[in-house]
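The values are calculated or read from the model by the stated rules, or taken from the named source; none is laboratory data. This structure is a prediction, so every number in the text was calculated from the model and none was measured. Here the Cβ is made from the backbone with ideal geometry for all residues, glycine too, and neighbour counts use every protein chain on show. Please note that ligands, DNA and RNA were not included when accessible areas were found on the heavy atoms of the full protein model with its side chains. Shrake-Rupley method; radii C 1.70, N 1.55, O 1.52, S 1.80 Å.
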Amino acid sequence: MKSALLQAGFQVLSEKEPDVPGLRVTEVPAGALVSWTASDEFASLARERGGCASNADDSIRVIVKVAVSGLLLRLGHSIAESAADGDLLVLAETISAPGRGNR
């Protein structure tokens, strides 16, 4: 799954960079959690361009979520949204299904 994100042009950060903003994939018992955090500079630019502080941040998060989930769904992964923070949960059975490899 990480390789598919990388091939699609996403920069996926490692777990060794917890304070660095960006796209991150973390293994969890149910599968893999895909999260994205905007940098302060990016969030500031989004607020300037969007005109509304909270809506601009939310809009960018939605755009990233749609792009990532669209790619992973097209590759056959099952995705659920984490209720707490809107991150994407890629279910384990689709990550390790036979014939899929490490997408």
Output for the range 76-90, where each listed residue is touching a residue at least 24 places away in the same chain (Cβ under 8 Å) and surrounded by 15 or more Cβ atoms within 10 Å (Cβ to Cβ): His77, Asp87, Leu88, Leu89, Val90
Exception for His77 within (1) closer than 20 Å to Ala4 by Cβ; (2) modelled with pLDDT under 80; (3) in a loop (DSSP other than H, G, I, E, B) falls at (2)
Taking the range 34-54 only, how many residues are modelled with pLDDT of 90 or more and either surrounded by fewer than 17 Cβ atoms within 10 Å (Cβ to Cβ) or out of contact with any helix residue (DSSP H, G or I) (no Cβ under 9 Å at 6 or more places or on another chain) (or both)? 0
Give me the residue from the range 1-27 that is polar (S, T, N, Q) and either part of a strand (DSSP E or B) or modelled with pLDDT of 90 or more (or both) and, out of that set, least open to solvent (accessible area, probe 1.4 Å). Thr26
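Is it the case that Ser59 is surrounded by 12 or more Cβ atoms within 10 Å (Cβ to Cβ), at pLDDT below 90 and over 12 Å from the mean Cα position of the chain (by Cα)? Spell out the reasoning first.
Working: surrounded by 12 or more Cβ atoms within 10 Å (Cβ to Cβ): yes; at pLDDT below 90: yes; over 12 Å from the mean Cα position of the chain (by Cα): yes.
Yes: the conditions hold for Ser59.
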